Amino acid sequence: MAVGTMTGAALALRGVGKRYRAGPPVLAGIDLDVPAGAFVSLLGASGCGKSTLLRIVAGLSPPTEGRVAWPAGAPPRIGFVFQDPVLMPWRTALGNVAVPLRLARVPRAERRARAAAALERVGLADAAARLPRELSGGMRMRVSLARALVTEPEVLLLDEPFAALDEITRHRLNDDLLRLWSARRFTALFVTHSVLESVLLSGRVVVLAARPGRIHASLPVDAPGARDEAFRTSPSYAALCRTVSGALAGAMAA
Amino acid sequence: MTRPGAAARLLAPLLVGTLLLGAWEGAVRWFALPPYVLPGPLLVARTLVEDWPSLSAALLVTLRVTALALLAAVVSGVGLAVLFSQSRWIETALLPYAVILQVTPVVAVAPLIVILADDVRVALLVCAWIVAFFPIVSNTTAGLNGTDRRLLDLFRLHGATRWQTLTQLRLPAAMPFFLAGLRISGGLALIGAIVAEFVAGTGGAASGLAGSILEAGYQLRIPRMFAALALISASGVAIHLATSLVSHLALRRWHESAARWEE
């Protein structure tokens with residue numbers, strides 16, 4: 001489905017800038033509208049401030065300029081997926097997934113049921129009682145994904161979540177993420193430095209240039225139909241990747 | 001290098017111990033040393049059995065001081081560490097005093113504490129607490145402040161209260177550090193209790209193992225000195241084993257220092 005058809009922006013960034021102490025600006029003049037239910041990738045080289053931007057959107061770090069607006073009204077429920085799984089080693093997979101619900105003081109029985117359902121959605125129903133150290137890297141990342149989705153967030157922020165995984169695992173997790181997004185239609189903001197990943201997953205790729213971090217290009221990924229293996233091997237996917245790659249090269253030179 | 005197995009880890013020190021004790025007994029007999037110069041281990045063991053009523057009473061006194069001091073160190077140490085973790089200002093203001101308490105030799109402070117405290121037992125407790133408390137404060141503080149920033153972010157994102165962050169994240173994350181501190185403090189509490197008693201000098205029924213050693217020394221009952229010494233060492237080993245066991249049980253499921261990874 002094309003992203004532009006969705007109505008209304010879920011998230012609007014207006015002139016967002018960030019500067020630490022007296023240092024040079026990390027981000028400057030970021031204007032971005034993310035439609036509700038869209039999947040948008042932020043693509044850029046390391047050091048372009050894309051992770052910082054994500055933390056600002058999450059409310060974990062205040063912008064020093066501009067503002068983050070939620071046109072729909074109150075700030076939505078947000079799920080955050082980190083670069084690494086970032087699980088508590090002393091809690092089981094189920095316990096880790098249930099953490100956001102515990103913090104919201106959801107009663108124990110409901111908490112367990114919802115966490116179990118979230119684990120099942122990422123294909124880990126059997127691993128509920130296992131500790132993080134007993135899980136593979138890919139499984140840990142799935143637990144992390146389930147934890148981010150357990151509160152049924154309206155907005156999901158992902159900070160290069162699969163960068164540390166091997167190619168095969170990353171493929172499967174990309175597919176899982178697309179499946180979850182198709183089913184729930186949360187608004188997704190996905191930070192990555194992979195051109196292929198950004199084109200595969202998103203309806204729009206926002207290319208960032210560095211020093212200071214700013215938007216260099218915002219490219220729609222016009223690919224109706226399923227983002228499946230057929231798409232991944234299609235000429236149109238290759239062409240889109242070439243376009244985005246060109247924009248990224250332009251951003252690096254800018 | 002291969003690691004020694006469980007049986008070897010138990011047998012090797014036992015073998016060394018047996019050999020050393022045998023050599024000691026042999027030397028005492030060979031050189032016909034009188035017991036007031038150096039008693040053999042067999043005589044020490046016999047004294048231990050014969051003097052058991054009075055020695056066990058002294059042992060109980062010492063162990064009670066040690067246990068109470070360790071308990072006080074855990075409560076005050078963890079409490080102070082939690083306070084430190086809540087505010088950098090409090091930590092900056094108070095930490096130097098914790099350090100001063102730690103670096104001042106307890107032997108030097110003990111006479112002062114004995115004068116200030118009405119009760120000698122309280123004085124002993126305070127001395128042992130002073131030595132035992134610092135490793136727990138500093139270790140637990142390091143653990144509380146070393147909590148994964150991203151997990152703290154996750155808690156912030158989900159609107160966790162200070163209390164939730166402390167009880168559900170910081171304290172469990174600090175557990176391995178606290179337990180490492182506890183293992184050190186267990187031994188230190190015993191040392192503190194003994195040293196304090198040497199300085200304070202209790203008498204009569206309140207006398208601990210240090211008192212037994214002093215008293216036996218005045219009376220030249222050297223085998224009894226050795227017997228009391230053996231009890232102190234045994235207590236130290238027992239405390240070490242007990243705190244190690246607690247640590248292992250608490251961490252074995254998840255922490256790398258205790259967990260055995262599946263090969």
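If we only count strands (runs of 3 or more DSSP E) wholly inside segment A:4-123, which ones have 2 or more residues that are crowded, with 22+ Cβ neighbours inside 10 Å?
A:9-19, A:25-35, A:39-43, A:78-81
Any residue in segment A:35-54 that is within 22 Å of A:Leu248 (Cβ to Cβ), under 14 Å from the mean Cα position of the chain (by Cα) and among the basic types (Lys, Arg)?
Checking segment A:35-54: at least one residue is within 22 Å of A:Leu248 (Cβ to Cβ), under 14 Å from the mean Cα position of the chain (by Cα) and among the basic types (Lys, Arg).
So, in segment A:98-135, how many residues would count as being under 27 Å from A:Thr192 (Cβ atoms) and away from chain B (no Cβ under 12 Å)?
Selection size over segment A:98-135: 8.
May I ask you to list pairs of residues, at least six apart or on different chains, whose Cβ atoms are under 8 Å apart, with the first in segment B:135-152 being at the interface with chain A (Cβ under 10 Å from one of its Cβ atoms) and the second being of a type in the set (D, E, K, R) and assigned to a loop (DSSP other than H, G, I, E, B)?
B:Arg150/A:Asp84
Out of all the residues in segment B:148-156, is one or more of a type in the set (Asp, Glu) and either farther than 28 Å from B:Ala98 by Cα or part of a helix (DSSP H, G or I) (or both)?
yes
Within segment B:72-108, track down each residue that is closer than 24 Å to B:Glu197 by Cβ, out of contact with any Leu (no Cβ under 8 Å at 6 or more places or on another chain) and modelled with pLDDT of 90 or more.
Of everything in segment B:72-108, those that are closer than 24 Å to B:Glu197 by Cβ, out of contact with any Leu (no Cβ under 8 Å at 6 or more places or on another chain) and modelled with pLDDT of 90 or more turn out to be B:Ala73, B:Val75, B:Ser76, B:Gly77.
Please verify whether segment A:81-90 includes one or more residues that are more than 9 Å from every other protein chain (Cβ to nearest Cβ) and of a type in the set (S, T, N, Q).
Within segment A:81-90, not a single residue is more than 9 Å from every other protein chain (Cβ to nearest Cβ) and of a type in the set (S, T, N, Q).
Please find, among A:Val199, A:Val191, the residue that is assigned to a helix (DSSP H, G or I) and among the hydrophobic types (A, V, I, L, M, F, W, C).
Only one candidate qualifies: A:Val199.
Is it the case that segment B:169-186 has a residue that's in a helix (DSSP H, G or I), basic (Lys, Arg), buried (at least 17 other Cβ atoms within 10 Å of the Cβ) and out of contact with any Phe, Trp or Tyr (no Cβ under 9 Å at 6 or more places or on another chain)?
yes
Here's the yes/no breakdown for (1) under 18 Å from A:Pro76 (Cβ atoms); (2) assigned to a helix (DSSP H, G or I):
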position	(1), (2)
A:Arg130	no, no
A:Arg142	no, yes
A:Arg147	yes, yes
A:Glu152	yes, no
A:Leu158	yes, no
A:Phe162	no, no
A:Leu173	no, yes
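Give the residues of segment A:136-166 that are within 14 Å of another protein chain (Cβ to nearest Cβ), out of contact with any Ser or Thr (no Cβ under 8 Å at 6 or more places or on another chain) and of a type in the set (Asp, Glu), sorted by residue number.
A:Glu152
What are the pairs with Cβ atoms under 9 angstrom where one residue, in segment B:160-173, is closer than 15 Å to B:Val78 by Cβ and touching a residue at least 12 places away in the same chain (Cβ under 8 Å) and the other, located anywhere, is in a loop (DSSP other than H, G, I, E, B) and of a type in the set (A, V, I, L, M, F, W, C)? Sequence gap at least six, or different chains.
Listed pairs, sorted by first residue: B:Ala173/A:Met88; B:Ala173/A:Trp90.
Condition check: crowded, with 19+ Cβ neighbours inside 10 Å, of a type outside the set (S, T, N, Q) and touching a Ser or Thr at 6+ places or on another chain (Cβ under 8 Å). Does B:Leu157 satisfy that?
no
Among the residues of segment B:51-78, write down those that are of a type in the set (D, E, K, R) and under 23 Å from B:Phe133 (Cβ atoms).
Passing the criteria: only B:Arg64.
Please give the number of the condition B:Ala160 fails out of (1) assigned to a helix (DSSP H, G or I); (2) within 14 Å of chain A (Cβ to nearest Cβ).
Single failed check for B:Ala160: (1).
How many residues does segment A:115-132 contain that are over 10 Å from A:Leu94 (Cβ atoms) and in contact (Cβ under 8 Å) with a residue 24 or more places away in the chain?
Qualifying residue count for the region: 5.
Condition (residue is in contact (Cβ under 8 Å) with a residue 60 or more places away in the chain, assigned to a strand (DSSP E or B) and under 15 Å from A:Leu156 (Cα atoms)) applied to segment A:208-230: is it met by at least one residue?
no
Counting only residues that are surrounded by fewer than 24 Cβ atoms within 10 Å (Cβ to Cβ) and either under 18 Å from B:Gly143 (Cβ atoms) or under 10 Å from the mean Cα position of the chain (by Cα) (or both), how many does segment B:189-198 have?
Adding up the residues that qualify gives 1.
The values are calculated or read from the model by the stated rules, or taken from the named source; none is laboratory data. Because the structure is predicted, anything quoted here is derived from the model rather than measured. Every residue, glycine among them, receives a Cβ derived from its backbone with ideal geometry; neighbour counts consider all protein chains shown.
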